[in-house]
1. Among the residues of the stretch 116-131, count how many are closer than 18 Å to residue 79 by Cβ and surrounded by fewer than 22 Cβ atoms within 10 Å (Cβ to Cβ).
2. Would you check which residues across the stretch 177-195 are away from ligand 1 (no atom under 16 Å from the Cβ), of a type in the set (A, V, I, L, M, F, W, C) and either in a loop (DSSP other than H, G, I, E, B) or in contact with a Pro (Cβ under 8 Å, 6 or more places away or on another chain) (or both) and list them?
3. Under 6 Å between Cβ atoms, which residue pairs at least 6 apart in sequence (or on different chains) link something in the stretch 331-349 that is over 21 Å from residue 251 (Cβ atoms) and among the hydroxyl-bearing types (Ser, Thr, Tyr) with a partner that is modelled with pLDDT of 95 or more and surrounded by 16 or more Cβ atoms within 10 Å (Cβ to Cβ)?
4. Of everything in the stretch 159-172, what is touching a Phe, Trp or Tyr at 6+ places or on another chain (Cβ under 9 Å) and either in a helix (DSSP H, G or I) or among the hydroxyl-bearing types (Ser, Thr, Tyr) (or both)? Give them in sequence order.
5. Kindly indicate which of 25, 45 is modelled with pLDDT under 80, under 21 Å from residue 213 (Cα atoms) and touching a helix residue (DSSP H, G or I) at 6+ places or on another chain (Cβ under 7 Å).
6. Given the criterion under 29 Å from residue 47 (Cα atoms) and aliphatic (A, V, I, L, M), identify the matching residue among 159, 120.
Amino acid sequence: MKCFYMFKKDNTKTKQEKPLEIISKVKPRRVISSPRSVIEMYKEKEHNLRVFSFEELRYATRNFNRLLKIGEGGFGSVYKGCIRLDDGVADPSVVAVKALKKNGLQGHKQWLAEVQFLGIVEHPNLVKLLGYCSEDGERGIRRLLVYEYMPNKSLEDHIFSRALPTLPWKRRLHIMLGAAQGLAYLHNELDVQVIYRDFKSSNVLLDVEFMPKLSDFGLAREGPTGDKSHVSTEPVGTYGYAAPEYIQTGRLATHCDVWSFGVVLYEILTGRRVLERHRSRNEQKLLDWVKQFPSDSKRFGMIIDPRIRNHYSISAARKMAKLADSCMIKNPKDRPTMDEVVESLKQIVEESEETNLIRIFLSTTTVQMKIKEIMSKNSMGIGNWPRPVYSPLFHSGMVSCLGENLLVKNSVI
Ligand SMILES: Nc1ncnc2c1ncn2[C@@H]1O[C@H](COP(=O)(O)OP(=O)(O)OP(=O)(O)O)[C@@H](O)[C@H]1O
Ligand SMILES: [Mg+2]
């Protein structure tokens, strides 16, 4: 889904629900005594970014070879490349090179925002910008960005593409927790508050271990300072993900990112995109459709992604939906902060893992009881049990006797 630069008026009705329970463990909002601007902070850190020449990047991507193209977004095309980052000594590194489309001032503004914001942030859930290229020549302006390469594509690819294996439930939870931590860092941990403004599944990239990293800071903005509640901007973002009050008024605050996070929570629960035009009328808009299946209703299970049915925890899923609803409360001030979202997700992850353990324990215990029952029916002692080399019943019984079910805790369900 592409970005846009001006929203049309949108009268989408939004959910009005009570906020999720307030979680007391959250850190108090950091009070910034002497806020600095992003530009000031960038000046201190800009030496961390490497400046590449256009020729270097052309060579790294084999002249922007079509076979090395890994994606295309509103900003331009993304290529996989190979480049030596440390002056000639270390092995070449695999990188992602994003080349700006020739779309003038707007593109340059986004490129600059990306360099400045990614130049000052440092967090395991934010993509690392390695450097950039900025050359103005006879052939026009050349603006490129060089990132660490993320081999597992984006969250969008994994939830919606049938070409990739199903993303398991536990992995979905961990991805959303990591993404929430990335947003919470932007909102609360820097000397300046950063509003990301473009949270969506295609901007959550996945590393080799499926750790999520937010990418695309072209639309990021400094948040309000002092006692201001918002900054006023021309609304930009992606249809379907942007908070309604922002579309209508242009008032931007961290609550807008929280709304978009809620939208993606429903995407990972249902495996559906926020807008799917090929569906029947009442199922096209995800947020309208899920309203028919409230989280505390019996029908709730019907919205769960069919690809993970029977492989997820219903009670954790209900809590996720409740959290998503609270992120999309109409009044922005009633939405949780990203710190609160992180805490809720941690609890959901914990509970989901406990449920998984209990399920595994119960299933192995049932198997053991079954074995005993069969043995007593046949009046066979354990000594004369015919032990085939691979008896699944016997094997699972052994696993639980040895307490190996604890190991299963770490496996992905
Ligand atoms: N660092 C990276 N490593 C690996 N692949 C990447 C990287 N950055 C981007 N990509 C790939 O390129 C695709 C396009 O990214 P891009 O951010 O330009 O567009 P988008 O997110 O799909 O759309 P939009 O422009 O609306 O944000 C991503 O979906 C991803 O598959
Ligand atoms: Mg993107």
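1. Total satisfying the criteria: 3.
2. Hits for the stretch 177-195 are 190, 192.
3. 344/323
4. 169, 170, 171, 172, listed by residue number.
5. Only one candidate passes the filter, namely 45.
6. The match here is 120.
Results for (1) near ligand 2 (Cβ under 10 Å from one of its atoms); (2) more than 16 Å from residue 256 (Cβ to Cβ); (3) at pLDDT below 95, shown as yes or no for each residue.
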residue	(1), (2), (3)
177	no, yes, no
182	no, no, no
185	no, yes, no
195	no, no, no
200	yes, no, no
205	yes, yes, no
214	yes, no, no
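Residue-by-condition table, conditions (1) within 12 Å of ligand 1 (Cβ to nearest atom); (2) of a type in the set (Ser, Thr, Tyr); (3) over 28 Å from residue 327 (Cα atoms); (4) crowded, with 22+ Cβ neighbours inside 10 Å:
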| position | (1), (2), (3), (4) |
| --- | --- |
| 143 | no, no, yes, yes |
| 148 | yes, no, yes, no |
| 157 | yes, no, no, no |
| 160 | yes, no, no, no |
| 172 | no, no, no, yes |
| 197 | yes, no, no, yes |
| 204 | yes, no, no, yes |
| 207 | yes, no, no, no |
| 212 | no, no, no, yes |
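The values are calculated or read from the model by the stated rules, or taken from the named source; none is laboratory data. Quick caveat: nothing in here was measured; it's all calculated off a predicted structure. Backbone-built Cβ (ideal geometry, glycine too); neighbour counts: all protein chains shown.
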